[in-house]
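Derivation of every value follows stated rules applied to the coordinates shown; laboratory data play no part. Computed from a predicted model, the values in this text were never measured in an experiment. Reconstructed Cβ throughout: ideal geometry from the backbone, glycine too, with neighbour counts over all protein chains shown.
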């Protein structure tokens, strides 16, 4: 079945959006964000009731459209069944602090977590790093623990500021977007940029950091909304090919990137 694109501002159907958010989970698994049943995305309820959060005990690769619970901003379950993730305050407090954010993601992607466990700042060494040209990627180092309390959620949201992603020291990452496409690309590009940077530093080569203003112009040139839509639909086509071969819920080990 060919993927049909929808966006938050085009379609108020919660079921339609959650189907896309479920696909985003499975795409992120393919792109290095999977960690057993840990990691989750959320969607701001369009009727102001709170947020829809992936239910617990599922891998990113296993999430389908009905695998979400509605919680209010105090963490109370309003609709749906299943385990509420402990880190719901991270999602709730970011959404409360950022009215522009409709989607929040959290994962333990390997290379971005490596970066977050160091004093290294993410740099725009490649095109994926350019995605973060304007605000960079701050690091939240108040704790290396999981974000399970409202005060920690508030502090993490404050550290995120206007940025699109946040390194959680010795823990993982958080990333946001106004659309499901944007939050997915942010998560993917964060991990790709971190992997490139780790590889570059490991090579022993002397890194060359591009000019900051040129990097911002580069972002504007290569990541307009049309390009973002193109990349989002590419990842959906890739997901369809993988799931046609393996089914939903399986993340093949050693899957070639070109599949």
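Things to note:
- Our summary of shape: the Cα atoms of the stretch 100-259 have principal axis extents of 43, 39, 35 Å, ordered from largest down, in whole angstrom.
- Packing-based ranking, highest mean first, of 185-194, 95-104 given that Cβ atoms within 10 Å are counted: 185-194, 95-104
- CD proxy at 222 nm, helix term only [per DSSP H run n ≥ 4: -39500 (n - 2.57); per residue of the chain; nearest 500]: -12500 deg cm²/dmol
- Sequence of 148, 179 once ranked by neighbouring C-beta atoms within 10 Å, starting from the fewest: 148, 179
- Once you divide the Cα radius of gyration of the stretch 27-89 by 2.2 N^0.38 Å, the number left is 1.09.
- Dividing the convex hull volume of the alpha-carbon atoms in the stretch 104-196 by its residue count gives 84 Å³ per residue.
- Fraction of antiparallel bridges per DSSP, the chain only, in percent to nearest 5: 90 percent
- Residues 183, 242, 154, arranged from fewest to most other Cβ atoms within 10 angstrom of their Cβ, appear as 154, 242, 183.
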